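For reference, the structure discussed in these notes is given below.
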Amino acid sequence: MSTLTDTRSRPLRDLRISLTDRCNFRCTYCMPRELFGAEHLFLPRRELLDFDEIERIARIAAGLGVTKLRLTGGEPLLRRDIDVLIRRLAAIDGIDDICLTTNGSLLTERRARELKAAGVNRVTLSLDAIDDERFMAINDVGFPAAKVLEAVDHAVAAGLTPVKVNCVIQRGVNDDQILPMAEAFRHTGVVLRFIEYMDVGTSNGWRLDDVVPAREILDTLRSRYGLTRQPAGQPGETANRWHYDDGAGEIGVIASVSMPFCGGCTRARLSAIGELYTCLFGVHGHDLRTPLRSGASDADIAAQLAGIWHARDDRYSEQRGEETAQRSPSGDADGRVEMSYIGG
Ligand code: SAM
Ligand code: SF4
Ligand code: SF4
């Protein structure tokens with residue numbers, strides 16, 4: 001089989017599947033209450049891809065080169081019977097890695113064991129502050145950091161390892177949490193990764209000034225710890241990896257804004273209603289649900305998917321970098337799709 005590549009010779013390797021647009025958190029940078037309040041209309045259930053449809057797309061994507069699936073949302077653990085879906089995805093030929101990104105609020109000890117048994121290899125949890133009050137203000141539903149730490153422990157105990165923790169840093173919001181977060185995860189085997197705050201969607205009012213660049217995050221870490229850069233692991237890897245010199249483990253920084261990695265981007269994203277996005281910053285998705293629901297054959301859908309990937313030209317973050325100098329600090333959002341909708 002010849003490798004399917006896009007116009008920049010990037011193969012299709014990862015598929016991120018958003019299982020729902022709903023979430024039980026209202027993180028101020030992702031689903032701010034003003035826009036995702038009581039009046040917000042989430043997608044009705046019939047609009048969502050069902051498990052047959054998700055499995056079918058994943059199988060077709062695997063036939064085109066996808067080896068890794070990431071389940072996300074919204075909050076993926078809100079999707080009922082997710083284990084049933086995971087079992088089906090894990091059985092697909094060619095899929096060798098299934099990951100899940102979660103806010104951890106529903107990751108009980110039992111749930112973690114069930115996910116592992118169903119076929120999830122690894123989980124990434126999100127935690128933006130170690131200080132309870134600060135974290136509660138960010139998630140805006142009063143969920144304490146201590147509970148997420150419990151979920152991290154459950155994930156480790158269930159063998160969903162290496163467990164990673166994502167921490168999105170925003171200037172003036174949680175940049176003082178860099179060192180306390182690092183301290184909390186040293187010597188635990190959990191890989192903490194700081195993420196530059198990105199201009200995803202249009203609802204978070206992103207400003208370039210709110211971004212704490214990776215360089216600054218690293219300078220802060222280095223003010224206390226000795227760190228040695230690790231060589232890149234897999235191709236398409238997003239994080240710059242570092243080891244503590246005192247043997248306390250690994251820490252990463254994802255410099256999506258200041259050092260974009262579009263050149264190695266092998267990811268496609270499937271929204272909960274079956275639109276395929278070839279970039280996190282996409283404006284329009286390609287509708288795969290209509291062909292799925294109107295009798296298209298696997299070969300038809302494979303041809304459509306291959307055509308979409310073949311024509312892919314996205315390199316938004318690199319372009320943002322090139323244009324930043326001329327851009328207004330508030331950026332210009334152009335109707336881009338929201339992270340909670342497309343999946344992070
Ligand atoms: N609800 C799950 C969670 O929070 O882990 C999964 C979905 S969430 C959209 C996936 C990841 O995207 C989270 O780690 C979140 O912090 C991150 N994220 C959301 N908006 C972001 C932004 N504007 N910049 C950087 N990361 C963002
Ligand atoms: Fe929900 Fe995750 Fe977005 Fe927070 S970052 S609002 S937990 S989807
Ligand atoms: Fe990939 Fe788009 Fe992000 Fe670049 S901006 S790394 S193409 S998702």
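The values are calculated or read from the model by the stated rules, or taken from the named source; none is laboratory data. Computed from a predicted structure; not experimentally measured. Positions of Cβ are backbone-derived with ideal geometry, glycine not excepted, and every protein chain shown enters the neighbour counts.
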Any residue at all in the stretch 84-107 that's exposed (fewer than 15 other Cβ atoms within 10 Å of the Cβ) and within 16 Å of ligand 1 (Cβ to nearest atom)? yes
Candidates R79, R8, R70, R13 - the one that is among the basic types (K, R), over 21 Å from the mean Cα position of the chain (by Cα) and either closer than 25 Å to D314 by Cβ or within 16 Å of ligand 2 (Cβ to nearest atom) (or both): R8
Across the stretch 243-268, the tally of residues that are touching an Asp or Glu at 6+ places or on another chain (Cβ under 7 Å) and farther than 25 Å from L4 by Cβ stands at 5
Checking D140, D153 in turn, the sole residue that is acidic (D, E) and either closer than 28 Å to L280 by Cβ or within 16 Å of ligand 2 (Cβ to nearest atom) (or both) turns out to be D140
Restricting the stretch 189-202 to residues that are in a loop (DSSP other than H, G, I, E, B) and closer than 15 Å to V168 by Cβ, the residue that is modelled with the lowest pLDDT: G201
Residue list for the stretch 279-297, restricted to those being within 14 Å of the chain's Cα centre (by Cα) and either polar (S, T, N, Q) or within 14 Å of ligand 1 (Cβ to nearest atom) (or both): L280, F281
Is at least one residue of the stretch 254-262 surrounded by fewer than 17 Cβ atoms within 10 Å (Cβ to Cβ) and more than 16 Å from ligand 1 (Cβ to nearest atom)? no
Of the residues in the stretch 236-255, those that are out of contact with any helix residue (DSSP H, G or I) (no Cβ under 6 Å at 6 or more places or on another chain) and within 16 Å of ligand 3 (Cβ to nearest atom) come to E237, T238, A239, N240, G252, I254
Pairs please, first residue from the stretch 21-36 and of a type in the set (A, V, I, L, M), second anywhere and more than 8 Å from ligand 1 (Cβ to nearest atom) and assigned to a loop (DSSP other than H, G, I, E, B), Cβ atoms under 6 Å, 6+ apart in sequence or on different chains. L35/S203
